[in-house]
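I have placed the structure first, in the form of structure tokens, so that the comments after it can refer back to it.
The values are calculated or read from the model by the stated rules, or taken from the named source; none is laboratory data. As the structure is a computational prediction, the values presented were derived from the model and not from experiment. Don't worry about glycine lacking a Cβ; one is built from the backbone with ideal geometry, like all the others, and counts go over all protein chains shown. Side chains included, ligands, DNA and RNA excluded: accessible areas come from the protein's heavy atoms. Shrake-Rupley method; radii C 1.70, N 1.55, O 1.52, S 1.80 Å.
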Amino acid sequence: MLTRSISCIVLVLLTSLSWDLAAKEYKRMSPKAEEAGKIARQTEAEQLEKARKAANATQAREQEVLERQQSGEWQESQREKAQRQFNERESRELKYLKEAREAAAQDRKIPKPQS
């Protein structure tokens, strides 16, 4: 029975000692934890702000593309470019045909061999 009460007393002393050490450790770590929490909140706020800016920039680009598509500006410029290229090819083809006709219409004089 005496050993049991001694072991209970030792247990109570050890528990109070561990509580005391935990309280001291908490007091020592508390400012660091608060500082770390403050840094974490600040970092999170910065990241959220960056994400908002990126989302706004993306939305602005999307809106710009939609406006260009709706106005047909890009499509019209592509059509004009294709028409210009077609006309250039056609004029080259006509030029080559004209030169070929002219060449075919000319009389060829084959020199007579000199004997």
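Yes/no matrix, rows are residues, columns are (1) open to solvent by less than 100 Å² (accessible area, probe 1.4 Å); (2) of a type in the set (D, E, K, R); (3) at pLDDT 90 or above:
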{"residue": "Thr3", "(1), (2), (3)": "no, no, no"}
{"residue": "Leu11", "(1), (2), (3)": "no, no, no"}
{"residue": "Thr15", "(1), (2), (3)": "yes, no, no"}
{"residue": "Asp20", "(1), (2), (3)": "yes, yes, no"}
{"residue": "Lys24", "(1), (2), (3)": "no, yes, no"}
{"residue": "Gln78", "(1), (2), (3)": "yes, no, no"}
{"residue": "Ala103", "(1), (2), (3)": "yes, no, no"}
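Test each condition in (1) modelled with pLDDT under 80; (2) open to solvent by less than 100 Å² (accessible area, probe 1.4 Å); (3) of a type in the set (S, T, N, Q) for Thr43 and report the one that comes out false. For Thr43, the failing item is (1).
A quick yes/no check of all residues on (1) at pLDDT 90 or above; (2) open to solvent by 100 Å² or more (accessible area, probe 1.4 Å); (3) touching a Pro at 6+ places or on another chain (Cβ under 6 Å):
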position: Ala54; (1), (2), (3): yes, no, no
position: Val65; (1), (2), (3): no, no, no
position: Glu93; (1), (2), (3): yes, yes, no
position: Ile110; (1), (2), (3): no, yes, no
